[in-house]
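Report on the following structure.
The values are calculated or read from the model by the stated rules, or taken from the named source; none is laboratory data. Owing to the predicted nature of the structure, the values given are computational and were not obtained by experimental measurement. Don't worry about glycine lacking a Cβ; one is built from the backbone with ideal geometry, like all the others, and counts go over all protein chains shown. All accessible areas refer to the heavy atoms of the entire protein, side chains included, with ligands and DNA or RNA removed. Shrake-Rupley method; radii C 1.70, N 1.55, O 1.52, S 1.80 Å.
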Amino acid sequence: MIYLKTDEEVELMRASNILLGKTYAEVAKSIRPGVTTAELDKIAYEFIKDHGGRPACLGYEGYPATLCTSVNGVVVHGIPSKDCVLKEGDIISVDSSIELNGWHSDSAYTFPVGEVAPEVMQLLRTTKEALYLGIEQAVTGRRLGDVSATIQQHCERAGYGVVREFVGHGIGRQMHEDPEVCNYGRLGNGIMLKSGM
């Protein structure tokens, strides 16, 4: 079921998302060769707690950390570890969720570790472009398939595939809410997007 949020509720969600963005900025300061993903997780945990939030991933269905840290070929939900040491040329996706005043944020961002190969930078650029193109489609009156198809088309035009086994999702009072948002789809298909969705 999709819960439509009021303007006031959207503002509460925005506060949680701003804290998550600031958390990623704090984590990014330490992303470099020689740092472990466990160290990054500790930084995120302390920053979130110090700013009144609750790390929503920690303990979710038994998950043992604040962040999901997916290095290189790990698609999603990598578990931070003292044994996972970042190296020059790696990429690391940092994914987390915060609950603040009863409302959740959830996002992921992929960072380069030091200098990365040009083809890796092209992948990062293409996926970020796809995100923003998808966001442009996420407006009242469009369909969810417009968002998904736009992402898929941009990535495939650049020679990449898209992950079909995992999806994005709505957020709100819960970390995972409907609708599911795929990285592939057909223009004009899917649910109609509404204000507050």
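Assorted remarks:
- Region 70-160 - Debye-derived log10 I(q)/I(0), Cα point model, q = 0.14, 0.18, 0.21, 0.22 Å⁻¹: -0.66, -0.97, -1.13, -1.16
- Dipole magnitude for the chain: computed about the Cα centre from +1 point charges on Lys and Arg Cβ and -1 point charges on Asp and Glu Cβ, it is near 240 debye.
- Of 128, 82, 42, the one that fluctuates the most in a GNM where the chain has Cα springs shorter than 10 Å: 82
- In order along region 120-126, the phi-based Karplus estimate (6.51 cos²θ - 1.76 cosθ + 1.60, θ = phi - 60°) of 3J(HN,Hα) comes to 6, 4, 5, 4, 4, 5, 5 Hz; Gly and Pro are listed as x.
- Ellipsoid semi-axes in whole angstrom, largest first, where each is sqrt(5λ) of the Cα gyration tensor of region 129-197: 20, 14, 10
- Here the sum of -39500 (n - 2.57) over DSSP H runs of 4 or more residues, divided by the residues of the chain, equals -12000 deg cm²/dmol at 222 nm, to the nearest 500.
- If R0 is 30 Å, the Cβ-Cβ spacing of residue 32 and residue 164 corresponds to a FRET efficiency of close to 0.35.
- Rounded to the nearest 10 square angstrom, residue 150 shows an accessible area of 20 square angstrom against a 1.4 Å probe.
- Under 20 Å from the Cα of residue 49 - lysines, other chains or at least 8 residues apart: 22, 29
- Within the listed set 137, 122, 152, the residue fluctuating most in the Gaussian network model of the chain (springs between alpha-carbon atoms under 10 angstrom) is 122.
- Computed in the context of the full set of protein chains, the accessible area of the chain at 1.4 Å probe radius has 55% of its extent on carbon or sulfur.
- Additional length obtainable on full extension of the chain from residue 135 to residue 14, 0.36 nm per residue less Cα span: 42.0 nm
- Cross-link reach list, aspartates and glutamates versus residue 82, counting only Cα pairs under 16 Å and skipping chain neighbours closer than eight places: 39, 41
- A DSSP coil position with no more than 14 other Cβ atoms inside 10 Å describes the following trypsin sites (Lys or Arg not before Pro) in region 132-176: 164, 173.
- Over region 1-88, the ratio between the Cα radius of gyration and 2.2 N^0.38 Å evaluates to 1.23.
- Just checking the listed ones, 55, 64, 112: in the Gaussian network model of the chain with Cα springs under 10 Å, the one fluctuating most is 64.
- Within region 134-163, backbone nitrogen closer than 14 Å to the virtual label 7 Å beyond the Cα of residue 125 toward Cβ: 158-159
- Note that the chain presents 55 Å² accessible area per residue, ligands and nucleic acids not counted, probe 1.4 Å.
- Stretch in the chain that is longest and holds no GluC sites (Glu not before Pro) that DSSP places in a loop and that have at most 15 other beta carbons within 10 Å: 1-87
- Extent of the chain along its three principal axes (Cα atoms, max minus min coordinate, largest first): 47, 42, 25 Å.
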